[in-house]
Structure formats: structure tokens, C-alpha cells
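A.B. asks: Starting off with a structure, shown below.
The values are calculated or read from the model by the stated rules, or taken from the named source; none is laboratory data. As the structure is a prediction and not an experimental result, all values here were calculated from the model. Here the Cβ positions follow ideal geometry from the backbone for every residue, glycine too, while neighbour counts run over all protein chains shown. Please note that ligands, DNA and RNA were not included when accessible areas were found on the heavy atoms of the full protein model with its side chains. Shrake-Rupley method; radii C 1.70, N 1.55, O 1.52, S 1.80 Å.
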Amino acid sequence: MTTVTDGARKPAPLPALRPLSEWPRLTSAIPRDAEVERRVAEILGQLTLQEKVGQMIQPELAELTCEDVREYRIGSALNGAGIWPGGKRHASVADWVETIDRFWTAAEEAWRDRPFRIPFMWATDAVHGHNNVHGATIFPHNLGLGA
């Protein structure tokens with residue numbers, strides 16, 4: 001719906017949004033495992049605030065170093081569009097593997113002095129296919145096709 005004033009079309013104002021007083025409750029198809037819940041609570045209780053922050057942020061590959069992973073106990077990296085190992089657009093699959101392995105090793109070293117370990121995770125923006133890997137076959141994921 002639009003309104004016309006002074007000959008110009010303007011969209012009608014949006015209705016006011018009501019704040020949620022209560023979040024919707026969802027039930028997972030996977031039942032809770034009391035032992036897993038206990039272990040998660042135990043590990044979270046041992047993490048420092050700095051470690052929790054390091055696990056919550058996800059720097060992009062171009063802005064992250066292995067030293068950062070060790071110092072701040074970063075939990076994951078994002079490999080976004082147009083980012084390649086060492087900035088090399090034609091990086092080989094071996095370059096990718098070596099880069100990811102360096103971050104994994106840094107994360108393992110970061111947790112060496114703790115009675116638990118938290119694995120490093122790698123996120124890839126590949127909605128349009130793995131076009132960051134030179135020579136890879138590019139097919140969109142189903143999410144990309146649906147979008």
C-alpha cells in the first residue's frame with residue numbers, strides 16, 4: 001500500500017512492532033543427554049571470560065593469525081567470499097589444507113594446559129559453491145539454489 005503526497009509515492013508506514021514478552025519455546029527432535037549437559041556445564045564453568053569471548057567471535061580468515069587463536073583461544077574462523085590463504089587467489093588445495101591445519105594446531109596448543117579441549121571450527125561462505133578453491137567444481141548448495 002502506498003500513499004501519494006505532493007505527487008510523490010511513499011510507502012505506507014509500518015505498523016508498530018510489539019516486543020516479545022516471552023520467547024517461543026521449541027522442542028528438539030534430539031532428546032537431551034544428561035551426561036552431555038553436565039559436561040558442557042562443567043567446561044563452561046572452567047572457562048574464563050576471555051576464553052568465552054574467544055569462543056563466541058568468528059574472525060574472518062584474512063584478519064586472523066595462529067597467534068590470535070593461541071592467545072585469545074579463538075574457537076572458529078570464517079572463510080568468506082574473496083578470501084584465500086595468504087591472499088593468493090589461485091591457492092591450491094594443498095595451500096588450503098596447510099592453512100586450516102595451522103589453525104587447528106594453534107587451537108590444540110591453546111588448550112594444552114587445560115583439562116579439556118575445544119576443537120577449532122572452520123566456517124565457509126559457500127552458498128554459491130566452493131568458488132574460493134581454485135579449480136574446484138562450482139555448484140551451489142541447496143540453500144543457494146533455494147535463495
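A.B. asks: Residues of the range 88-99 being open to solvent by less than 60 Å² (accessible area, probe 1.4 Å), touching a residue at least 24 places away in the same chain (Cβ under 8 Å), more than 16 Å from D125 (Cα to Cα) and not in a loop (DSSP other than H, G, I, E, B), which ones?
C.D. replies: The one that is open to solvent by less than 60 Å² (accessible area, probe 1.4 Å), touching a residue at least 24 places away in the same chain (Cβ under 8 Å), more than 16 Å from D125 (Cα to Cα) and not in a loop (DSSP other than H, G, I, E, B): T99.
A.B. asks: Also, I was wondering about something else. Tell me which residues, restricted to the range 66-87, are of a type outside the set (A, V, I, L, M) and in a helix (DSSP H, G or I).
C.D. replies: Listed by number, the residues that qualify are C66, E67, D68, R70, E71, Y72, P85, G86, G87.
A.B. asks: When you scan the range 118-136, how many residues do you find that are modelled with pLDDT of 90 or more and open to solvent by 40 Å² or more (accessible area, probe 1.4 Å)?
C.D. replies: Counting residues in the range 118-136 that are modelled with pLDDT of 90 or more and open to solvent by 40 Å² or more (accessible area, probe 1.4 Å) gives 3.
A.B. asks: Report, by residue number, each residue of the range 1-49 that is among the charged types (D, E, K, R), modelled with pLDDT under 95 and outside any loop (DSSP other than H, G, I, E, B).
C.D. replies: Listed by number, the residues that qualify are R9, K10.
A.B. asks: Find all pairs meeting these conditions: Cβ atoms under 8 angstrom apart; at least six residues apart or on different chains; first residue within the range 42-56 and closer than 13 Å to E71 by Cβ; second residue open to solvent by 80 Å² or more (accessible area, probe 1.4 Å).
C.D. replies: Partner pairs satisfying both residue conditions: Q50/Y72; V53/Y72; G54/Y72.
A.B. asks: Does T48 satisfy being of a type outside the set (A, V, I, L, M, F, W, C) and open to solvent by less than 80 Å² (accessible area, probe 1.4 Å)?
C.D. replies: Against the criterion (of a type outside the set (A, V, I, L, M, F, W, C) and open to solvent by less than 80 Å² (accessible area, probe 1.4 Å)), T48 qualifies.
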